[in-house]
Structure formats: structure tokens, C-alpha cells
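In what follows, a structure is listed as C-alpha cells, so that the remarks can point back to it.
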Amino acid sequence: MKPEEARARAEELRREIEYHDHRYYVLDDPVIEDAEYDRLVRELVALETAYPELVTPDSPTQRVGGRPREGFVTVQHRAPMLSLANAFNAADLADFDRRVRTGLADEDVDYVVELKFDGVAVSLTYEHGRLVRGATRGDGVTGEEITPNLRTIRSIPLRLRQPGAPNVIEVRGEVYMPKEAFARLNERREDAGLPLFANPRNAAAGSLRQLDPGITAERKLDIWLYGIGYTDGIVFGRHSEALAWLGEQGFRVNPHTRIFSTLEEVERHLEHWREARFELPYVIDGLVLKVDRLDQQERLGTTLKSPRWAVAYKYPPEQAET
Ligand SMILES: NC(=O)c1cc2c(N)ncc(C(N)=O)c2s1
């Protein structure tokens with residue numbers, strides 16, 4: 001095969017593998033048999049081995065890369081990752097809603113209501129559509145650079161759907177360990193006489209902060225994306241629009257998000273999830289309410305710590321795992 005044919009075939013294989021990764025890991029709806037998928041990957045690995053100059057950082061073969069690092073580098077988030085004020089009951093919610101409507105001079109308000117995942121908050125930076133950096137939230141301003149670890153999470157796209165990719169976009173989400181994976185991991189650790197993780201959040205945090213990405217890759221982590229930080233080259237009018245765009249770009253966005261325009265509807269929704277959350281294959285500790293229109297978010301602004309346009313409604317902690 002001539003080099004330019006190899007380059008063309010490698011790019012064709014990458015797109016095909018990316019498509020199937022998206023179907024399998026993001027949509028949970030594969031359209032190819034595992035054996036056929038493995039054949040595609042083997043062909044790409046063979047091509048990249050024969051023509052090493054073909055290897056690109058965003059090739060699906062480069063997910064579990066690099067030697068273990070000595071330590072973690074810290075990075076500054078271009079836009080701070082704020083924490084959320086909490087609401088624990090109907091009175092707290094009514095206070096939040098009143099403050100929002102007062103701040104907006106009684107304009108109509110739509111709330112986007114999303115599940116609140118009990119995992120590790122991370123920020124993914126894409127430049128010209130390619131994943132260039134991943135970091136933990138840290139203290140909201142400075143986080144730990146964990147790009148190689150995040151690249152092992154197969155539902156994280158290494159490049160965005162072209163065209164339409166902005167120059168820079170920081171995407172926020174929560175890395176978590178599904179309940180099933182957590183139970184299996186602790187079983188293995190018990191058999192190996194290792195200390196057990198207390199809960200899926202600790203297991204996710206411990207798995208993400210591995211200096212060896214090969215270990216992270218074994219831990220079956222996953223991610224939900226739910227926010228956008230700094231952007232250059234794209235503007236959204238509503239948070240719900242940003243979520244839809246994330247889904248179109250191939251990100252894993254949670255299907256239980258809803259939009260309501262009255263507090264009564266929000267409260268009915270929160271009551272539904274008070275018990276329904278235990279049926280989910282991942283842990284949530286509440287739900288998050290966000291004012292949908294971004295111009296209204298701007299007008300409400302933030303305190304030093306938290307946005308005035310969002311609140312986390314928390315359920316009482318789950319009974320300790322028996
Ligand atoms: N600190 C924050 O801003 C957030 C934290 C979380 C979280 N742990 N889970 C879900 C969401 C969400 N759906 O927006 C948010 S937002």
C-alpha cells in the first residue's frame with residue numbers, strides 16, 4: 001500500500017471507530033458486532049505500526065497512552081468552576097425562586113432541572129475541536145491536570161464533530177463510577193486484601209488520580225457533561241441550547257434533564273426522584289436547578305463562591321451501604 005493510501009485508510013478507520021465508539025459508549029446503542037469492531041481497531045493499529053507518522057493524538061488507538069507520571073501538574077481554569085448553594089426543603093427552594101424572580105423584575109423564568117451526580121467534577125478543554133486538556137475542579141480556580149486519565153474514558157470524544165467546533169471550549173461534567181462497577185471493584189479488592197472504597201465517589205476520585213492511566217483505564221469510569229465554561233468562537237442563548245449542542249457534538253448528556261417554568265412543576269419533579277434515584281445505575285445526591293436563559297444568568301450574576309442563578313436541591317444522604 002502506498003503511504004497516501006495508508007493515510008486515507010487510517011483516517012477512514014478512525015472515523016468509523018469514532019462513530020461506533022459514540023454509538024456504544026454514548027448512545028448505548030451499538031450497530032456493529034464486537035468482533036467486527038475489534039477487526040477495525042486491529043487494522044488501524046497495524047497501519048499505525050507500519051506507518052508511525054500516521055499516529056495522531058486523537059486516534060482511538062491512543063486512549064491508554066504514556067508512561068506513569070511522577071506527579072500531577074496543576075492548571076488554572078480559564079473560567080472558575082463555582083460551587084452551588086444548597087437547598088434542603090421547599091422553603092429553601094421558595095427563597096431561591098423568590099430571589100431569582102426579584103432579581104429579574106418578575107420576568108418569566110424557565111428552570112433547567114438536571115440530576116446532580118455524586119462523582120468528581122472535571123473540565124475538558126477542546127481547541128479547534130481537539131481535546132487538549134482535562135483537569136479536576138480542584139478549588140474551582142486551580143485543578144490537577146489529568147488529561148491521560150480522562151482520555152481512557154471511552155465516552156469522552158477525543159475530537160468534536162466537525163464543522164462547527166469553536167476555537168476554544170471548556171466543557172464541564174462529572175466523572176463517576178457506576179454502582180455495578182463499584183461493587184465489582186470492591187469485591188476484587190476484598191479478594192486481594194486491599195482496603196475497600198467507601199462509596200462510588202471515592203472510588204472515582206481514587207481511579208482518576210492514578211499516576212498510571214493504565215490503572216484508570218481498568219476502572220470502568222464514565223462521565224455526564226452538564227456545563228460550559230470559557231468559550232471562544234461560539235455563543236449560546238440558553239443553557240438548554242448548550243446541552244443540546246453538547247449532545248450533537250458527541251458528548252454524553254444525561255437524558256433525565258427537564259425544563260419547567262413554575263416552582264410547583266419543579267417540586268413535583270424533585271418528589272419523583274426522591275425515591276426513583278435508587279433505581280438509577282449511578283449515585284445522585286440531588287438535582288440542580290439553573291435559570292435557562294443565559295442573559296438572565298448574567299443579570300443575576302454570582303457571589304464569590306456560587307452562581308445566584310442556580311441551586312442544588314439535596315436529598316438526605318443515602319443510608320450507609322449495608
Ligand atoms: N458545582 C456545580 O456547578 C455543579 C455540580 C454538579 C453535579 N455534581 N452534578 C450535576 C450537575 C449538573 N447537572 O449541572 C452539577 S453543576
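Note on the stretch 1-136: dipole from Cβ charges, positive end direction compared against Phe72, Pro60, Leu27; the farthest Cα belongs to Phe72.
Rounded, prolate or oblate: which fits the stretch 86-127 when a ≥ b ≥ c are the square roots of the eigenvalues of the alpha-carbon gyration tensor, with rounded for a/c under 1.5 and prolate only if a/b beats b/c? It comes out oblate by the Cα gyration axes.
For the stretch 69-103, which chymotrypsin sites (Phe, Trp or Tyr not before Pro) are both in a DSSP coil and crowded by at most 14 other Cβ atoms within 10 Å? Don't skip to the end; give the middle numbers.
Working: sites: Phe72, Phe88, Phe96; in loops: Phe72, Phe88.
Counting only loop positions with at most 14 other Cβ atoms within 10 Å, the chymotrypsin sites (Phe, Trp or Tyr not before Pro) in the stretch 69-103 are Phe88.
Output the 0 to 90 degree angle, nearest 10, between the alpha-carbon long axis of helix 34-50 and the longest principal axis computed from the alpha carbons of the chain. For helix 34-50, the angle is close to 60 degrees. Normalised per residue, the accessible area of the chain is 50 Å², obtained with a 1.4 Å probe and no contribution from ligands, DNA or RNA.
What trypsin sites (Lys or Arg not before Pro) does the stretch 1-80 have in DSSP loop regions with at most 15 other beta carbons within 10 Å? Listed in order of number, the matching sites are Arg69, Arg78. For the pair the stretch 271-321 and the stretch 85-128, the centres of their Cα atoms are 6 angstrom apart.
Against the chain, whose longest principal axis comes from its Cα atoms, helix 179-191 is set at around 60 degrees. All C-alpha to C-alpha distances of the chain, sorted into 20 Å bins beginning at zero, yield P(r) values of 29, 57, 14, 1 percent in whole numbers. For the stretch 181-322, the residue among Gly206, Ser306, His269 whose Cα projects farthest onto the positive side of the dipole built from Cβ charges is Ser306. Counting only protein chain heavy atoms and rolling a 1.4 Å probe, the accessible areas of Asp292, Asp285, Asp95 rank, largest first, as Asp95, Asp285, Asp292.
Straight-line reach only, C-alpha to C-alpha below 12 angstrom: list the aspartates and glutamates that Lys305 could link to, leaving out same-chain residues fewer than 8 apart. By straight Cα distance, Lys305 reaches Asp139.
Surface composition of the chain: carbon and sulfur make up 53 percent of the accessible area, probe 1.4 Å.
Which sequence of Thr125, Thr102 reflects their accessible areas, 1.4 Å probe, from the largest down? Show your work: numbers first, answer last.
Numbers: Thr125 5, Thr102 100 Å².
So the residues, ranked largest to smallest area, are Thr102, Thr125.
Local charge for Arg15 was computed over the other residues whose Cβ lies under 14 Å away, with Lys and Arg +1 and Asp and Glu -1, and equals -1.
The values are calculated or read from the model by the stated rules, or taken from the named source; none is laboratory data. These numbers were taken from a predicted model, which means no experiment stands behind them. Every residue, glycine among them, receives a Cβ derived from its backbone with ideal geometry; neighbour counts consider all protein chains shown. All accessible areas refer to the heavy atoms of the entire protein, side chains included, with ligands and DNA or RNA removed. Shrake-Rupley method; radii C 1.70, N 1.55, O 1.52, S 1.80 Å.
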